[in-house]
1. Provide A:Leu291, A:Leu126 in ascending order of the number of other Cβ atoms located within 10 Å of each residue's Cβ, fewest first.
2. Hey, could you pull the Cα Rg and Dmax for the range B:3-249, both in Å?
3. Test of understanding: ordering A:Asp169, A:Asp384 by Cβ neighbours within 10 Å, fewest first, what list do you get?
4. Which of the aspartates and glutamates could a cross-linker bridge to B:Lys238, judged by Cα under 17 Å and excluding same-chain residues fewer than eight apart?
5. If I model a spin label as a point 7 Å beyond the Cα along the Cα-Cβ vector, how far apart are those points for A:Asp372 and A:Asp220 in nm?
6. Post the alpha-carbon centroid distance, the range B:144-167 to the range A:1-74, in whole angstrom.
7. What would the Debye formula give as log10 I(q)/I(0) at q = 0.18 Å⁻¹ for the alpha-carbon point model of the range B:73-188, no solvent?
8. Using +1 at the C-beta of Lys and Arg and -1 at the C-beta of Asp and Glu, which of B:Thr176, B:Gly234, B:Met95 has the Cα lying farthest in the positive direction of the dipole of the range B:3-249?
Amino acid sequence: MTTLLPHKFGPYGGQFVPETLMPALIELEREFVSARNDPAFNAEFDKLMASFVGRPTPLTYAKRLSEKLGGAQIYLKREDLAHTGAHKINNALGQALLVKRMGKKRIVAETGAGQHGVASATAAALLGLECVVYMGSVDIARQEPNVFRMKLLGAEVRPVESGTKTLKDAINEAIRDWVTNVRDTHYLLGSALGPHPYPTIVREFQSVIGREAREQMLMDAGRLPDTVIACVGGGSNAIGVFSGFVNDESVELIGVEAGGSGIASGKHAARFGDAEKARVGVIHGTRTYVLQDEDGQIAETHSVSAGLDYAAVGPEHAMLRDNERAFYTSATDEEALSAFQMLCHTEGIIPALESSHAVAEVIKKAPTMRKDQVILVNLSGRGDKDLNTVIKEIGNW
Amino acid sequence: MNRLESAFQNKPIFMPYFPLGYPDLETSIDVIEALAKNGADLIEVGLSFSDPLADGPVIQQATQVALEKGITVKKSLEAVKELRKRGVTIPLILMGYYNPMLAYGLEKFIRDAKEAGADGFIIPDLPLEEAEEFTSVAGDMPLIQMLAPTSPDERMEAIARNAKGFIYLVSVTGVTGERREISNDLGSLINRVRAHTSAPVCVGFGIGTPEQAQQVGQLADGVIVGSACVKMIGSSPKPVETAKQFAAEFRGALR
């Protein structure tokens, strides 16, 4: 059995799922390929991106932050201004349009921070689909506003009590639902993860970020950035923005993982950062770097940001890292919280805690660069959903 | 004739599943021995994984307990060796997810499993598309192929063509666990599979009672009982006694 599109990224990726799901993956790939070659589908997607999501999202020059750090000039790609408050809507709408094409009526989705759940619920409401979102009970507690939003949008939110009660377990439950109801249900996977063709589909729908950003950089700054920085949980916002620059060899690409309480503490989600616990393995249908114990059991992860709190990384990132096209580092909870505050104070923007990890790397990196150099940061989402967490972490001042 | 082939001399066969390490390692070895010596024709010996995405709540919970009690791949293989030492002669098929096998090292895993006395593998997250990495180093140890109600004919043909040992036919779309009724379509599903292979066809997922087993046994070459077996034995104050009764009862229903 061969696939229409490449199903691996170097040695990573693949389709490690039960046989019951294989026909659905084959159908999905076929539908995606036919949709992408269909001008009517692309026109509908572009129209929704403009009229519903509010694209193109702006590129903002962060003047005061650049001055404060005293090095490179910093530009923010404002995915926080996309409808629903994060980049997740790009992929959710794209896949929901595919669902309509396939004639399915129901979607299931997993969510960590709740952003993908909200985006899926929104796309389902817009297109008249039934929507069930699986969310770990730990994440439900720390992202309460998003749970309420999903319910308002007509989705059913099912708490997941198994395992670590976070994103990993929500994915398990979404897959179990999908395998049970596969004939009329689509699994609307929210990150550049999972079995082929998901990592490719998600990248393609998120590549709008990179295309816009490249054009905007040339227009506003008159040049390409020296460095592009994005946070990496599963890695969908990062792969989206990287895809616009991956062929520009002069542009350095940096992904920022969740350093949690620090790599040495063992409480983190830095798949590339922990040489001891991160090994190539197979989880949720894909081969990639996975935090695991020596017996191959998936490790518990920790991050202040629910959206980065996951034991594996998208397979294309594993390939980009191996061939040194992209570099990966991490920011701790503390660094992310401090970056969160700095962006609030200097730019009047409240970033998501996930995106704050990317800003934390900017704070380290910009001062080491010259003033005529340029950093582009993908500000993947806004931080309204995180206020409860931040208040708890840094107190009411 | 190897152990696996001889197991299918008298059909339909009874094939229970039980995870090593549940409710603790010693009890699980006793339970599997009891199943083997009281009517099971073949046992699916479960290896635990933290994220068993093809399993329903009963097996999830049992394998979670096994992990909490410290089960590992290494201990599981030692337990298989112990079962052979105790005179268990029926085929033992290791059923587990791919990642712990990769972490152990595929070649080493297959060699050690064979040495311990296992007869083959069932890996639910390793479909045809990804199986070659495993089968290329598995030698004469069979990787049991799975088919599902959603498999179209061309996939059935491709999968069944290289089937070794037997075909594991998933009777329902879904995860493991008991269902109230056996699907009316099971007969035609089995006929579709038989059109592509002469290998024995064993049916699993959703079979929970001796009556259901009997019903399926009239159509298939083997009946796989997982969640019901784990639940019944796991909730019993005398697991080994319950295992003996369970095996005898299902075996009785089948032949």
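Laboratory data are not the source of any read-out in this text; all were calculated from the coordinates shown. In this text, all values refer to a predicted model and were calculated from it rather than measured experimentally. Every residue, glycine as well, gets a Cβ built from its backbone with ideal geometry; the counts of neighbours run over all protein chains shown.
1. Working: A:Leu291 26, A:Leu126 16.
Fewest to most other Cβ atoms nearby, the residues stand as A:Leu126, A:Leu291.
2. Both quantities, over Cα of the range B:3-249: 16.5, 48 Å.
3. Values: A:Asp169 24, A:Asp384 13.
If I rank by nearby Cβ atoms, fewest first, I get A:Asp384, A:Asp169.
4. B:Asp24, B:Glu26, B:Asp30, B:Glu33, B:Glu249
5. 2.2
6. 33
7. Listed by q, the Debye log ratios stand at -0.99.
8. Farthest towards the positive pole: B:Gly234.
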